[in-house]
1. What residue, among those in the range 31-50 that are among the small types (G, A, S) and within 13 Å of ligand 1 (Cβ to nearest atom), is most open to solvent (accessible area, probe 1.4 Å)?
2. What about Y107, is it of a type in the set (F, W, Y) and within 23 Å of N305 (Cα to Cα)?
3. Hey, among the residues in the range 65-119 that are of a type in the set (V, I, T) and more than 16 Å from ligand 1 (Cβ to nearest atom), which one's nearest to E25 (Cα to Cα)?
4. Working only within the range 51-69, note down all residues that are open to solvent by 70 Å² or more (accessible area, probe 1.4 Å) and free of Cβ contacts under 8 Å to residues at least 40 places away in the same chain.
5. List pairs: first in the range 88-114 and more than 22 Å from Y131 (Cα to Cα), second part of a loop (DSSP other than H, G, I, E, B) and of a type in the set (V, I, T), Cβ under 9 Å, 6+ apart or cross-chain?
6. Residues L151, L56, L119, L104: which one is closer than 18 Å to D343 by Cα and outside the structural domain of H170 (by TED's automatic domain parsing)?
7. Anything in the range 81-110 that is within 16 Å of ligand 2 (Cβ to nearest atom) and either in a loop (DSSP other than H, G, I, E, B) or among the polar types (S, T, N, Q) (or both)? List them, or say none.
8. Would you tally the residues in the range 194-213 being touching a His at 6+ places or on another chain (Cβ under 8 Å) and assigned to a helix (DSSP H, G or I)?
Amino acid sequence: MTKVRGLAALSKGAPFTRFDFERRELGEHDVLLDIVFAGICHSDIHQIREEWGPALFPMVPGHEIAGIVREIGSSVTKFSVGDHIGVGVFIDSCRQCQPCKDGLEQYCDQGMTGTYNTLERDGKTVAMGGYSNVFVVNENYAVTIPKSMPLDGVAPLLCAGITLYSPLKHWKAGKGTRVAVMGLGGLGHMGVKFAHALGAHVTVISHSPGKRDAALAMGADEFICVKDPKDLKPFARSFDLILNTVSAQIDINDYLATLSIDGTLVVIGLPGAPYPVHAGSLLDGRKSLAGSMIGGIAQTQEMINFSAEHGIVSDVEVIAADYVDKAYERTVASDVKYRFVIDVSTI
Ligand code: NAP
Ligand code: ZN
Ligand code: ZN
């Protein structure tokens, strides 16, 4: 077993505390990595606060993991010692079903195995996430990070990045597509960078007026500040694709009105309570309301390579372990610019 230093919440909403635990022996197909940076995703906060239902404690969250390979199992072919690698939102899946075979492991028929707050596939080991200094993972559930990329700026790509890249590709965003990104937080800011790099016309819809300059600097063509639904009125039928990354409960019907005919609004933010949708919001304009969850391993590697090629990384604020509680508060207050990343050497 490998000893690990982590940061855990011992119960629902509890402040973080140093928590030591062990990870499994290195298996034949496993790699052991020294984690360097771990991003803070709003999903970590939803789970610690049990906003998605009962959770497993002690919880070591973290599914935006960037590190360096220290050891490899005897049959590992994908990685070598010293490689920079990333681990995201899941660490396993059934590997047999059609979605798994199609590279859609996140939609595994038997359910993906999350990086934390779940039992691993042995049915007994509690998965512990990336707010820790060492990780052990099967080689097929990690991706290569080119050494030219800074590990702090790359860590958030493992969740925030792929979660926005995947729907942009699925709905074919590109030249001539009018994309709107709702919410300029960790996910949203990656959406702006990718949509811009793909050649789309990008609009940010935010409730924070102070984020305008940053949005434009990231590649947004327009910025709409919405404090009241009437602020959206002038933008009726303006967008082909809307990516909703808002972490809070909002009235989605107001936003559906800004879709063009045949447009699609993709739900990505997951506040935990249902969205009421008026049928009329969809009928008038043959509109679609869709959802999207992270992305598969092959597409995650594609996204990392695309990012390297286009010089895309996350805008991060690197923090020490003792700042994580404060970082949660600031994230919930939409005061994140634009992803907190933990320097795990400070744990
Ligand atoms: P985040 O950094 O906190 O960003 C969320 C943004 O939503 C905020 O920065 C803010 O942007 C906006 N917002 C927050 N409260 C709002 C309110 N009351 N009214 C209007 N806008 C509000 O969170 P994140 O890490 O990007 O995650 C966003 C959501 O996606 C979370 O619910 C998370 O669980 C979910 N998620 C889903 C997936 C998936 O696979 N589908 C993956 C990861 C995360 P402005 O200040 O610009 O308005
Ligand atoms: Zn996440
Ligand atoms: Zn499967």
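The values are calculated or read from the model by the stated rules, or taken from the named source; none is laboratory data. Predicted, not measured: the structure shown is a model, and the values here were computed from it. Neighbour counts run over all protein chains shown; Cβ positions are idealised from the backbone, glycine included. For the accessible areas, the whole protein counts, side chains as well, though only heavy atoms, and no ligand, DNA or RNA atoms are used. Shrake-Rupley method; radii C 1.70, N 1.55, O 1.52, S 1.80 Å.
1. Per the criteria, the residue is S43.
2. Criteria met by Y107.
3. That would be I72.
4. Within the range 51-69, P54 is the sole residue that qualifies.
5. What qualifies is G111/T118.
6. L151
7. The answer is G88, V89, Q106.
8. 1
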